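The values are calculated or read from the model by the stated rules, or taken from the named source; none is laboratory data. The structure presented is a predicted model; accordingly, all values stated were derived computationally and were not measured. Neighbour counts run over all protein chains shown; Cβ positions are idealised from the backbone, glycine included.
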Amino acid sequence: MKNNEDILRRGRLSAAKSEEINAFTSSLQADRWIFPSDIMVDEAHTAMLAKQGVIVKKDAAAILKALGKIEKAGVDAIDIQAFEDVHMAIESNLIRSAGEDVGGRMHSGRSRNDEVITCVRISARKELLGLMADLLELRKALVSLATGNVATVMPGFTHLQHAQPTTLAHQLMAHASAFDRDFERLIDAYRFININPLGSAAFASTGYPLDREYTTKLLGFDRPMDNSMDGVSSRDFILTTISAIAILETDLSRLADELVLWGTPEFGFVELDDAYASTSSIMPQKKNPDILELIRGRTGTVIGHMVAAFTIVKGLPYSYNSDLQEVTPQLLRSFEISRSSVRIMAGAVSTLKINKKEMARKSTMGFTTATEIADTIVRSTGLPFRTAHGIVGRLARGDGNPSLQDVDQASMDMIGKKLSTMGLTEKALEEAKDPMKNVQRRSVLGGPAKETVTKKIAAEKERLKTDEKAASDLGKKQEKAQGELAKAVEAIIKG
Ligand code: ARG
């Protein structure tokens, strides 16, 4: 492009940018992402300018027609690389097709500073709705796997040491609970995203009589931002969103990590479906959980994006600085990673093979019933828990399957009395050593007992319905606004 054809630079600057500088200043990846949003923003702004009489209806009609063509031709047709960014590419293409006397009026009362961040908010909320839908699927997959495993006993761990028996359903629902809160954080993030900065212009708003409520309605925002300097300067909605995504990824990573562990022969609890596994280029026997490792690994990348976003923003004076351009790709990449990770995890969970036998076999390994034996001693003999804890601790030096004689021996050593003379029976001891009975005793709210987890699963299913509706309502509101925008555009074009 010759400098005099460059509608942005031709007035103020006499030399064109070198290719290297052009590439350096370009926001290509994020610009491709916001292209559809930019068309919407251009349309809403133009419709509003016409409604306010800032531009005449005839010019608005020609602009909107040309924008329709640009949208239809798609992002590849506007040759973003040849321009500073997507905004200049669209406007230049518009001017080329509608002429400067018409197309040159679209950017009245607007700056790329408010334009870009309006576009980012529109693209982000769409992506966020997509992520919510993906997360709903993962939560459903966990619930459905849990439903069939409320009686699947397995060892629970603390410090990665065998601790107490629990059930697979109890542990899966623990992860589901974390994802519930992740979903809630996404809903929260949506509120911060969905406010309208358009009309802030460069930062000081404009002398044109803009109707910001009108663009707010056409673009499906909840309300206009009420300080134009805040409108172009703030990126806290990105920090909120990216933080919520980083937490979600962290929860995902812990689940991935657990499944990697459980898939080793040392655990032998689960096996990934072959479609979710890889093999080795040298060791023909290997079945590797690469996807889980990459989910875990990319969590590091997302946390990096979060830190990058905070670091870029934290030292910036108000209002717009080009540094802000660098924040958008952090968000975009975080969306890309989290959406694919969540989807792939949902698939891995719903195709996971469970080795119930091995879980059951290992559920008493490492004397996991020790706590219940101590509790049983308390219930049968009236001894304080701390004393019972000491006696069972002494028993833990044995093979993990103590008889009543062993218990008496230990209690003689510790307190000089036999528990069998104080009310502890063979039957009570045997029950305490049964892992499923251990689980069933733990029926306190939140515990692993079958009935308790079954209730939790039922509540979770209700919650999924509510969350699904919340996300779909947000989506419907967007669709409705898009319909209104399309109608407003059509009305102007038709005259
Ligand atoms: N490409 C820019 C961004 O992503 C658009 C805003 C540019 N504004 C400016 N004054 N240079 O932030």
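Being of a type in the set (D, E, K, R), more than 21 Å from Ile391 (Cα to Cα) and loosely packed, with under 15 Cβ neighbours inside 10 Å is a description that applies to Glu462. Suppose we keep only residues that are over 36 Å from the mean Cα position of the chain (by Cα) and of a type in the set (A, V, I, L, M) within the range 69-109. Which one would you say is farthest from Thr206 (Cα to Cα)? The residue in question is Ala98.
When we screen Thr250, Thr240, Thr206, Thr264 for residues that are touching a residue at least 12 places away in the same chain (Cβ under 8 Å), assigned to a loop (DSSP other than H, G, I, E, B) and out of contact with any His (no Cβ under 9 Å at 6 or more places or on another chain), the only hit is Thr206.
Screening Ile80 with (1) of a type in the set (Val, Ile, Thr); (2) at pLDDT 95 or above; (3) within 16 Å of the ligand (Cβ to nearest atom) gives one miss only, at (2). Among the residues of this structure, Arg105 counts as one that is of a type outside the set (S, T, N, Q), away from the ligand (no atom under 16 Å from the Cβ) and not in a helix (DSSP H, G or I).
Residue by residue, here is whether (1) closer than 19 Å to Asp211 by Cα; (2) within 16 Å of the ligand (Cβ to nearest atom); (3) without any contact (Cβ under 8 Å) to a residue 60 or more places away in the chain; (4) out of contact with any Asp or Glu (no Cβ under 6 Å at 6 or more places or on another chain) holds:
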| position | (1), (2), (3), (4) |
| --- | --- |
| Leu13 | no, yes, yes, yes |
| Ile21 | no, yes, yes, yes |
| Trp33 | no, yes, no, yes |
| Pro36 | no, yes, no, yes |
| Ala47 | yes, no, no, yes |
| Ile70 | no, no, yes, yes |
| Gly74 | no, no, yes, yes |
| Met88 | no, yes, no, yes |
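Only residues that are in a helix (DSSP H, G or I) and either among the small types (Gly, Ala, Ser) or modelled with pLDDT under 95 (or both) were counted across the range 455-495, and they come to 11.
Please indicate, with yes or no, whether at least one residue in the range 290-306 is within 16 Å of the ligand (Cβ to nearest atom) and either in a loop (DSSP other than H, G, I, E, B) or among the polar types (S, T, N, Q) (or both). Checking the range 290-306: not a single residue is within 16 Å of the ligand (Cβ to nearest atom) and either in a loop (DSSP other than H, G, I, E, B) or among the polar types (S, T, N, Q) (or both).
Give the residue that is farthest from Ser340 (Cα to Cα), with candidates limited to residues of the range 108-130 that are assigned to a helix (DSSP H, G or I) and touching a Ser or Thr at 6+ places or on another chain (Cβ under 6 Å). It would help to see each step written out before you state the result.
First, pick out the residues of the range 108-130 that are assigned to a helix (DSSP H, G or I): 112-130.
Next, from what is left, pick out any that are touching a Ser or Thr at 6+ places or on another chain (Cβ under 6 Å): 114, 119-120, 122-123.
Working: Asp114: 30, Cys119: 23, Val120: 20, Ile122: 20, Ser123: 17 Å.
So, considering only residues that are assigned to a helix (DSSP H, G or I) and touching a Ser or Thr at 6+ places or on another chain (Cβ under 6 Å), the one farthest from Ser340 (Cα to Cα) is Asp114.
Summed over the range 379-414, residues that are on the phi > 0 side of the Ramachandran plot and among the β-branched types (Val, Ile, Thr) total 0. Just to check your reading of the model, which residue among Leu172, Leu131, Leu138 is at pLDDT 95 or above, aliphatic (A, V, I, L, M) and under 30 Å from Tyr320 (Cα atoms)? Just one listed residue meets the conditions, Leu131.
Count, please, the residues in the range 387-410 that happen to be assigned to a helix (DSSP H, G or I) and either free of Cβ contacts under 8 Å to residues at least 24 places away in the same chain or among the β-branched types (Val, Ile, Thr) (or both). Outline the logic, then answer.
Of the range 387-410, the ones assigned to a helix (DSSP H, G or I) are 387-395, 404-410.
Right, trim to either free of Cβ contacts under 8 Å to residues at least 24 places away in the same chain or among the β-branched types (Val, Ile, Thr) (or both) and you get 387-389, 391-394, 405-410.
Qualifying residue count for the region: 13.
Which one is farthest from the ligand (Cβ to nearest atom), of the residues in the range 307-334 that are among the small types (Gly, Ala, Ser) and buried (at least 21 other Cβ atoms within 10 Å of the Cβ)? Spell out the reasoning first.
At the first step, the residues of the range 307-334 found to be among the small types (Gly, Ala, Ser) are 308-309, 315, 319, 322, 334.
Still in the running and buried (at least 21 other Cβ atoms within 10 Å of the Cβ): 309, 334.
Working: Ala309: 13, Ser334: 17 Å.
My answer is Ser334.
Only a single criterion out of (1) more than 30 Å from the chain's Cα centre (by Cα); (2) within 30 Å of Arg125 (Cα to Cα); (3) at pLDDT below 95 is not satisfied by Ala47, namely (3).
Please go through (1) within 16 Å of the ligand (Cβ to nearest atom); (2) surrounded by fewer than 19 Cβ atoms within 10 Å (Cβ to Cβ) for Asp42 and return the number of the only condition it doesn't satisfy. (2) is the only condition that Asp42 fails. Restricting the first member to the range 112-136 and to residues that are within 11 Å of the ligand (Cβ to nearest atom), and the second to residues that are charged (D, E, K, R) and assigned to a helix (DSSP H, G or I), the beta-carbon pairs closer than 8 Å and six or more apart or on different chains are Glu115/Asp38; Cys119/Asp38.
Taking the numbered list (1) touching a helix residue (DSSP H, G or I) at 6+ places or on another chain (Cβ under 7 Å); (2) exposed (fewer than 14 other Cβ atoms within 10 Å of the Cβ); (3) small (Gly, Ala, Ser) in turn, Ser253 passes all entries but (2). Of the candidates Leu219, Leu239, Leu198, Leu248, the single residue that is farther than 23 Å from Glu479 by Cα, buried (at least 24 other Cβ atoms within 10 Å of the Cβ) and not hydroxyl-bearing (Ser, Thr, Tyr) is Leu248. When Ala141 is tested against (1) of a type in the set (A, V, I, L, M); (2) over 18 Å from the mean Cα position of the chain (by Cα); (3) more than 16 Å from the ligand (Cβ to nearest atom), just one condition goes unmet, and that condition is (2). Is it true that some residue in the range 30-43 is within 24 Å of Leu198 (Cα to Cα) and either touching a His at 6+ places or on another chain (Cβ under 6 Å) or among the small types (Gly, Ala, Ser) (or both)? Scanning the range 30-43 turns up at least one residue that is within 24 Å of Leu198 (Cα to Cα) and either touching a His at 6+ places or on another chain (Cβ under 6 Å) or among the small types (Gly, Ala, Ser) (or both). For the range 371-414, residues that are of a type in the set (A, V, I, L, M) and surrounded by fewer than 21 Cβ atoms within 10 Å (Cβ to Cβ) total 5. No other residue among Thr454, Thr466 is in contact (Cβ under 8 Å) with a residue 60 or more places away in the chain, closer than 30 Å to Ser144 by Cα and β-branched (Val, Ile, Thr) apart from Thr454.
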